[in-house]
Amino acid sequence: MLATNVLETIGHTPLVRLKSFEPEDGAEIWIKLEGGNPTGSYKDRMAISVLGRALERGDVRPGDRIVEYTGGSTGTALAFVASVLGLKFTAVFSDAFSDSKRKAMEAFGAEVLVEGSDGGAITPELIQRMKKRALALAGEPGSYYADQFGSPDVRQGYEPMGQEIAADLDGGIDVLVSAVGTGAALMGMADALRKEGLEPHVIALEPLQSPLLTTGKGGPHRVEGVGVGFEPPFLDRSLLHDIRAIDQDLGFDMCRRLASEAGIFCGGSTGLNVVAAIELAREAGKGKRVVTIGCDNGSKYLGGHIYR
Ligand SMILES: Cc1ncc(COP(=O)(O)O)c(C=O)c1O
């Protein structure tokens, strides 16, 4: 493709059939590979939606400062889009998250403010402290709070994913399944599919180790980006057919299998997605189609525990 601006390269990601992972006599499994976005995750879609719409509405002007608290992927996407749109970006970050994510944000010209953690632990107290600092900065003149957990522009930013799936499969989708953090990606896709007249079963996933949505009680887990420990702000339970808790260890095993057997290199949330997609393909049976998401690129995780 030719692009006059790098922002045009966000989205239009491939939908790949995972034939070798399909159960016998089960449904087809398709995975939408979002790791090909410029910063390696579907968060780029959210960042262009939030910042592009804020500029269009006149809520921000070139030269203004965007503020967000972030563990890294959202911050990297916002830093990238802000740099192209002539906006400044300040991330409230912490040393509890991977240092490579700090470097990525700084590479895109962001200011990164680091809140100290207690020995690298991600705790509710730390998150609240980060949020408080971000809100205080966002209240200063010429500043704008991106609000990844509240802005309607976040959910809308994922509608193109649903439109692309509908176009690629020519309407043939029976199940859409994805693990949820804020819930925006799954709900945005479902919104777009509904607008196209498609009503697949929509299934949300969480780590079994933090089964807040399925049992009401969260817990510590290691799947980055999902299982946020509170009700995902964008999750509309009335549009869901089911919520399932998937064992993170099965998910991490699946990440390694996907890379070594299918050349699909992703993070832990994608591992959960594919474990569940196989289960759902078995239940749906032949002639049906299950679609899931490869949320990001596995190279983000090379320093961590998944690819040892
Ligand atoms: C790797 C990864 N997977 C899944 C998600 C969940 O996406 P959403 O917040 O739209 O539910 C995130 C969000 O941060 C993520 O970073």
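The values are calculated or read from the model by the stated rules, or taken from the named source; none is laboratory data. Not measured: the values here are computed from a predicted model. Cβ: placed from backbone, ideal geometry, glycine included. Neighbour counts: every protein chain shown. Heavy atoms of the whole protein, side chains included, go into the accessibility calculation; ligands, DNA and RNA do not. Shrake-Rupley method; radii C 1.70, N 1.55, O 1.52, S 1.80 Å.
Cα axis of helix 248-262 to longest principal axis of the chain: angle in degrees, 0 to 90, nearest 10?
On a 0 to 90 degree scale, this one is about 80.
Looking at the stretch 211-299, which trypsin sites (Lys or Arg not before Pro) are in a loop (DSSP not H, G, I, E or B) and have at most 11 other Cβ atoms within 10 Å?
Working: sites: 217, 222, 237, 244, 256, 257, 282, 286, 288, 289; in loops: 217, 222, 286, 288.
Answer by residue number: 217.
In vacuo Debye scattering of the stretch 175-308, one point per C-alpha: log10 I(q)/I(0) at q = 0.16, 0.19, 0.22 Å⁻¹?
Ignoring solvent entirely, the Cα scatterers give -0.78, -1.08, -1.36.
Can you say what percent of the DSSP beta bridges in the stretch 43-152, counting only those with both residues inside, are antiparallel? Round to 5. Can you show the working numbers first?
On the way: 0 of 13 bridges.
Counting only bridges with both partners in the stretch 43-152, antiparallel ones make up about 0 percent.
Run the paramagnetic zone check for residue 121: 7 angstrom along Cα to Cβ, then residues of the stretch 210-251 with backbone nitrogen under 15 Å.
Residues passing the 15 Å test: 219-221.
Using unit Cβ charges (K, R positive; D, E negative) and no other charged atoms, how large, in debye to the nearest 20, is the dipole of the stretch 43-152 about its Cα centre?
Details: 14 positive and 14 negative charges, 43 e Å.
Charge dipole, the stretch 43-152, about its Cα centre: 200 debye, nearest 20.
Using square roots of five times the C-alpha gyration tensor eigenvalues, list the equivalent-ellipsoid semi-axes of the chain in whole Å, biggest first.
Largest first, the chain gives 31, 22, 18 Å.
Might you tell me the accessible area per residue for the chain, computed with a 1.4 Å probe and given in Å²?
Working: 13160 Å² over 308 residues.
Result: 43 Å² of accessible area for each residue.
For the stretch 199-273, what does the alpha-carbon gyration tensor say about shape, rounded, prolate or oblate, given a ≥ b ≥ c as the root eigenvalues, a/c under 1.5 as rounded, and a/b over b/c as prolate? Don't jump to the answer; show the numbers that get you there.
Details: a/c = 2.42, a/b = 1.47, b/c = 1.65.
Judged from the Cα gyration tensor, the stretch 199-273 comes out oblate (a/c at least 1.5, b/c at or above a/b).
DSSP loop (so not H, G, I, E, B), at most 14 other Cβ within 10 Å: list which chymotrypsin sites (Phe, Trp or Tyr not before Pro) in the stretch 125-184 pass both filters.
Taking the stretch 125-184 and a limit of 14 other Cβ atoms within 10 Å, no loop chymotrypsin sites (Phe, Trp or Tyr not before Pro) are found.
Tell me which aspartates and glutamates have Cα within less than 12 Å of residue 195's Cα, excluding those fewer than 8 residues away on the same chain?
Within reach: 159.
Given Cα positions, please report Rg to Rh for the stretch 43-152, the hydrodynamic radius being the Kirkwood one. Don't jump to the answer; show the numbers that get you there.
Details: Rg = 13.0 Å, Rh = 13.7 Å.
When Rh is taken as the Kirkwood radius, the ratio is 0.95.
Between the stretch 29-83 and the stretch 89-159, how far is it from one alpha carbon centroid to the other, in angstrom?
About 13 Å separates the Cα centre of the stretch 29-83 from the one of the stretch 89-159.
For the stretch 43-152, which whole-number percentage of the solvent-accessible area (1.4 Å probe, protein heavy atoms only) is attributable to carbon and sulfur atoms?
On the way: 2580 of 4800 Å².
Looking at the stretch 43-152 in its full context, I get 54 percent from C and S.
Using the Karplus curve 6.51 cos²θ - 1.76 cosθ + 1.60 with θ = phi - 60°, work out ³J(HN,Hα) for each residue of the stretch 52-63 in order, rounded to whole Hz, and write x for Gly and Pro.
x, 5, 5, 5, 4, 6, x, 5, 10, 10, x, x
Hey, which lysines would be in cross-link range of residue 103, C-alpha to C-alpha under 25 Å, not counting anything within fewer than 8 residues on its own chain?
Excluding near neighbours in sequence, the set is 43, 88, 131, 132, 300.
Taking the Cα atoms only, what angle lies between the long axis of helix 159-168 and the longest principal axis of the chain, rounded to 10 degrees?
30 degrees
Counting only C-alpha contacts under 8 Å and six or more residues apart, can you give the relative contact order of the stretch 167-224 as a whole percent? Show your work: numbers first, answer last.
Details: 54 pairs, mean separation 17.7, N = 58.
The value is 30 percent.
Per-residue ellipticity at 222 nm for the chain, helices alone: DSSP H runs ≥ 4 residues times -39500 (n - 2.57), over residue total, nearest 500 deg cm²/dmol?
Computed mean residue ellipticity for the chain: -11500 deg cm²/dmol.
Which of 33, 254, 117 sits closest to the plus end of the dipole of the chain, meaning its Cα is farthest towards the positive end, when Lys and Arg get +1 and Asp and Glu get -1 on the C-beta?
The residue sitting farthest along the positive end of the dipole is 117.
Mind pulling the angle between the C-alpha long axis of helix 268-284 and the longest principal axis of the chain? Nearest 10 degrees, somewhere in 0 to 90.
Tilt of helix 268-284: around 30 degrees.
Can you tell me which aspartates and glutamates have their Cα less than 13 Å from the Cα of residue 32? Leave out same-chain residues fewer than eight positions away.
164, 168, 296
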